[in-house]
């Protein structure tokens, strides 16, 4: 193995700490990333300023590591399956089986596609006294002073019998762990995203990928349970016991299980035997040889640009060695003196200095003034890019593409002659910088401007699969109840577990909501679906992996026992709510306002009926009939007329077939909501909901709206009467109809606000952005499918807290069928494509009217 000529840099790994052979200790963190694509000019300044603040106040050497990691689909799916194993629900075996099928299919897709997500890691060299570049006053920083840090280094532990100088005392490890933990808060503020310590498995994975021979790194897996040391004990002269870790000498040998050859001064060939076949991979490491000392932002996001635009994976390692402001100013001052000496020597020989000397001198003066005015530190950086391919021709093409892309930002790169092995080692976590000839001395603004941490990543990386990003075909996973868990270090922006779904007809909105509830059910959730259009009528025959016995489809209006089932006194959670909803529904149906006499009469009737044993709308009508017949002599003519109008109108509506669902009768037998099945679908026969443009509502429209309001009250009852620890979902299709009513809007708002406490996700579907009302601020995940109007697109961007730029508006208006702009609970946004994967699911959830024969015929005509 040719790499034996170079010493592997790692000595020991403890959690996210890397103890290197050069006696430095690095802590590595995973930066989850923040959305950047949809920000306007002003908003892009904010993450830049946060990073600039972090880098300006930092006192450590840093290692920026950007890894093109294909998503660990198996890891996510295994975690999901393990969580399902711990649950107790009737569809558990079916859910686990489906998750396994999804995992197999996604892994097959991954093997055909090199692209994936870029994962950002930041390494911090914890002891500034061991920085590569020593300040003129080491240790005087007020922020990073290490007065009491590692006092154990001079303790008797190093003289304890049974311990070697190579051992690492446990107290030293704990001291470094405490310091590593204290840095997280500053990183969260600096990189506008969740930051968590990298795991040992992640660090080992990053190191082992250096020896991978697969473009998609399928030959490298996460090593769970990996250990690089074992506990030992020693006794000092006072007979005090001291614990330590003794690094294993050959712990990292297995990671280097590949033959690395220099097949030229600028190219490496990695070879490994996999399944009795020799696999090869060509790699080239290129470094930055020239870049501007300062940059303007926005416009210099070259790091984010190559991640978002290059069609092949690129590994990136940036070692940034800290230089204090005083040190960098002294260095620039010395440079100016050297330029002055060159001028004097040229004058002695009566010759003019080279033009490059003038340019360099002006640059040094400019930089010295910059550091003098800002007081910022500087960074001496080594930029290394790794490009790989299965053959030399492809490798050369890719390197050329990368070179051309970086040149657009004024960055020059080259593969240094004979340095490939050294550069390979430099990219490994915990290693030192081997690149000394092409160090770039830059200000913090240059590092901040490259937009480290900006990402197109989206979703929870746990739960079930819903689709893939349009840009890189990266799988997207969500866990509906994650925001309700209140996990430490989750750092989610939204706490609500409710879901907003908008989009015009035919863009995939209903398909997505169906897929969502289907997958939620198979992963342990239980739900209620309000289906006013009857699209889910065929679900009574069952769905793939969900037999019909686990789905209850209640087509209200088809059975005599349905009469009175939606009476607001029967669907509400308590009598007071029943009175309010009954008042709202009846005043809407008879078209009376609060300043009418009829409104007061109606209120009196509802109050009286509410005190009865079996309150219902039928009893309200009876009450009005009684006072009309028995008290007309004691009424004014106006009041008598009002009672007559109320009574007559309600009696007429009572005969309406649809209204019989609302108008309960005293002593009536009626059906109630089933709560023992995983999926309960509520549909109403002949429901006639008004369109948003309807100027005058017909009685059938009003009755349909009233039924929807009563159904929404049903959902509160469903939410209250279930096990709070069990995740539930309520799918409210055509939600805009309910929100037109003040009571309906209040009910929806309550479900959204209290959903987190009751562990209930409200999936609120509507065609337009403007249909969703004021509670959008309390929604968690948001999905916007294609929108027709510019005004609607602007409103949706406002909901997403994204700038209303023309580019963003066009994205929403031009989304193809199945595409959606998705915002996760971390506030990141990206365009995704909803993917059910399997044909039988696509057919089960398709709401179009085209038959299979029609589809085939249309395909033949267009081909």
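All of the numbers you see were taken from the coordinates with simple rules; none came from a lab. Predicted model only: the values in this text are computed from it and were never measured. Glycine also receives a Cβ, built like all others from the backbone with ideal geometry; neighbour counts cover every protein chain displayed.
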Determine the relative contact order of the stretch 564-668: mean sequence separation of Cα pairs under 8 Å and six or more apart, normalised by residue count, in whole percent.
39 percent
Could you tell me the center-to-center distance, by alpha carbons, between the stretch 669-725 and the stretch 76-108 in angstrom?
32 Å
Would you mind checking the stretch 394-410 for residues with the amide N under 15 Å from a putative spin-label position 7 Å along Cα→C-beta of residue 280?
394-396
Using 1/(1 + (r/R0)^6) with R0 = 25 angstrom and r between the beta carbons of residue 23 and residue 189, what's the FRET efficiency to the nearest 0.05?
0.25
Note down the Stokes-Einstein diffusion coefficient of the stretch 421-524 in µm²/s, whole number, using a Kirkwood radius over alpha carbon pairs, 37 °C, and 0.692 mPa s.
180 µm²/s
Provide the three semi-axes, in whole Å and in decreasing order, of the ellipsoid equivalent to the stretch 185-329 as defined by the square roots of 5 times the Cα gyration tensor eigenvalues.
34, 29, 17
Considering only C-alpha atoms, what is the centroid distance from the stretch 194-231 to the stretch 783-847, in Å?
35 Å
Take the Cα pairs of the stretch 237-320, get the Kirkwood Rh, then feed it into Stokes-Einstein at 20 °C and 1.002 mPa s and tell me D in µm²/s.
117 µm²/s
Please express the shape of the stretch 392-451 as an equivalent ellipsoid: the semi-axes are the square roots of 5 times the eigenvalues of the C-alpha gyration tensor, given largest first in whole angstrom.
21, 20, 11
Intensity falloff of the stretch 433-486 expressed as log10 I(q)/I(0), Debye formula with alpha-carbon point scatterers, at q = 0.18, 0.29 Å⁻¹:
-0.74, -1.12
Which FRET efficiency, nearest 0.05, do residue 607 and residue 559 yield, Cβ-Cβ r, R0 41 Å?
0.80
Sorted peptide list for 670-676, 542-548, 750-756, criterion being average Cβ within 10 angstrom, highest first
750-756, 542-548, 670-676
Value of D in µm² per second that Stokes-Einstein yields for the stretch 17-130, Kirkwood Rh from Cα pairs, at 37 °C (0.692 mPa s)
180 µm²/s
At 7 Å along Cα-to-Cβ for each site, give me the label-to-label distance between residue 312 and residue 330 in nm.
4.6 nm
What's the FRET efficiency of residue 372 with residue 654 using the Cβ-Cβ distance as r and R₀ = 60 Å, to the nearest 0.05?
0.10
The percentage of Cα-Cα pairs in the stretch 491-629 separated by more than 23 Å is 57 percent
Given bins 10 angstrom wide, list per bin the percent of all Cα-Cα distances in the stretch 564-668, short to long.
16, 52, 29, 4
Determine the gain in length on full extension of the stretch residue 674-residue 254; use 0.36 nm per residue of separation and subtract their C-alpha separation, reporting nm with one decimal.
145.4 nm
Peptide ranges 790-800, 390-400, 442-452 listed from the most packed, as the mean C-beta count within 10 angstrom indicates
442-452, 790-800, 390-400
If one computes the Cα centroid of the stretch 24-65 and of the stretch 291-320, what distance in Å separates the two points?
13 Å
Looking at the stretch 497-569, I'd like the Rg to Rh ratio, where Rg is from alpha-carbon atoms and Rh is Kirkwood's inverse mean 1/r.
0.99
